[in-house]
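The values are calculated or read from the model by the stated rules, or taken from the named source; none is laboratory data. These figures come from a predicted structure and were not determined experimentally. Virtual Cβ from ideal backbone geometry, glycine too; neighbours counted across all protein chains shown. What goes into the accessible areas is simple: the full protein's heavy atoms, side chains included, and nothing from ligands, DNA or RNA. Shrake-Rupley method; radii C 1.70, N 1.55, O 1.52, S 1.80 Å.
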Amino acid sequence: MTLTKYNSHAKHFVAIDIGSNSFHLIIVREHNNQVEVIHKQKQSIKLASGLEKNNIINDHCLKLAMSCLESFSNSFVKLDNCLVTIVATYALRQANNSQQFLEQAAKVMPYPINIISGEREAELIFFGVAYTQIINQPTLIIDIGGGSTEFIIGQELTPQVAQSINMGCVSFSQKFFQSGDINEESMKAAEHYSKQLLLPITTQYNQLGWEQTLGTSGSIKAITRIMKELYGDSNITLKRLNRLKSQLILWGHHDHIEFTNLSEKRQPLLAAAVAILITCFELLDIDILKYNAGGVREGLLYQLRFEQEI
């Protein structure tokens, strides 16, 4: 999309989410109390996969990241009355060379990057969902990212509890499916490990309770599309996930996955996402999960606009 220069009475809000799998940019224009999304951009960087054993982001991923940020910057550099907010999540929380990343980024993106905590990330995800969908009943929101998964229970515009757990589709793919092979042993190991990580919060969440479950992030979006392809609707259930797991094991390798609506970039991450989501369903006793397109970037936009109003 080509961006044009709007009149000086318009406000532009820019949000960038430096995720562990993908980088996201969204730009909205506000004029006469009307909001319009004028540009969206996404690029798969897989920053978490660039974390080497000493938690140093390798040069290849750094180069990809800087190229992406420069491209993002060019998308809004000429816009008038522009407010910009940028956050980074799991990969930069873990990286021992995060300062190097920030110093390089400053040369191509002249705005501060805030490396946020997992809990803050979870809260922004909640606001991003609440910004795009009315949440009029207690709701559990799950976001499977590249390096972490966030769990939030909330209603309307109030998150009640928000947690982040260090399990994600990129980190799990590296740990359990690095060769690309998908078999019963690797799926069982991934599920077992995710249960160990998720168990500490299950009692609190199950005691609080909720009435509907929503899922965000690229992984859940991909699984939703697979459900649509297989069953004609987008509902995710445990029975369907287990059938999907069996099919992945039958195919045996991520290169052999044949779903029409699954991109090649998502194929290596699918088994890990399915293993994590199965664990969520089992430990949190979820019946049905539906996809929501909100996320960190929409939460950032909501807060940017809210801060302008107070």
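Could you count how many residues in segment 1-52 are of a type in the set (D, E, K, R) and either in contact with a His (Cβ under 9 Å, 6 or more places away or on another chain) or at pLDDT 95 or above (or both)?
Quick first cut of segment 1-52, residues of a type in the set (D, E, K, R) only: 5, 11, 17, 29-30, 36, 40, 42, 46, 52.
With the extra rule that they be either in contact with a His (Cβ under 9 Å, 6 or more places away or on another chain) or at pLDDT 95 or above (or both), the set shrinks to 11, 17, 29-30, 40, 42.
So the answer is 6.
Could you pull out the residue among Q196, Q204 that is open to solvent by 70 Å² or more (accessible area, probe 1.4 Å), in a helix (DSSP H, G or I) and within 25 Å of N136 (Cα to Cα)? Spell out how you get there, then give the answer.
Numbers: Q196 fails: within 25 Å of N136 (Cα to Cα).
Answer to the selection: Q204.
Filter segment 282-295 down to the residues that are crowded, with 22+ Cβ neighbours inside 10 Å and modelled with pLDDT of 95 or more, then identify the one that is farthest from L140 (Cα to Cα).
Filtering segment 282-295 for residues crowded, with 22+ Cβ neighbours inside 10 Å gives 289, 292, 294-295.
Checking the rest, the ones that are also modelled with pLDDT of 95 or more come to 289, 292.
On the way: L289: 9, N292: 12 Å.
My answer is N292.
Here is a check on your reading of the model: is N261 free of Cβ contacts under 8 Å to residues at least 40 places away in the same chain, at negative phi and in a loop (DSSP other than H, G, I, E, B)? Talk me through it step by step, then tell me what you get.
Numbers: free of Cβ contacts under 8 Å to residues at least 40 places away in the same chain: yes; at negative phi: yes; in a loop (DSSP other than H, G, I, E, B): yes.
Yes, satisfied.
Could you identify the single residue in L300, L248 that is within 30 Å of F13 (Cα to Cα) and either within 18 Å of the chain's Cα centre (by Cα) or part of a helix (DSSP H, G or I) (or both)? Break it down stepwise before answering.
On the way: L248 fails: within 30 Å of F13 (Cα to Cα).
When all the criteria are applied, what remains is L300.
Confirm whether L270 is part of a helix (DSSP H, G or I), aliphatic (A, V, I, L, M) and open to solvent by 10 Å² or more (accessible area, probe 1.4 Å). Spell out how you get there, then give the answer.
Details: part of a helix (DSSP H, G or I): yes; aliphatic (A, V, I, L, M): yes; open to solvent by 10 Å² or more (accessible area, probe 1.4 Å): no.
Judged against the criteria, L270 is not a match.
Residue pairs, Cβ under 8 Å, 6 or more apart or interchain, first in segment 64-76 and more than 21 Å from V37 (Cα to Cα) and open to solvent by 10 Å² or more (accessible area, probe 1.4 Å), second hydrophobic (A, V, I, L, M, F, W, C) and not in a helix (DSSP H, G or I). List them.
L64/I45
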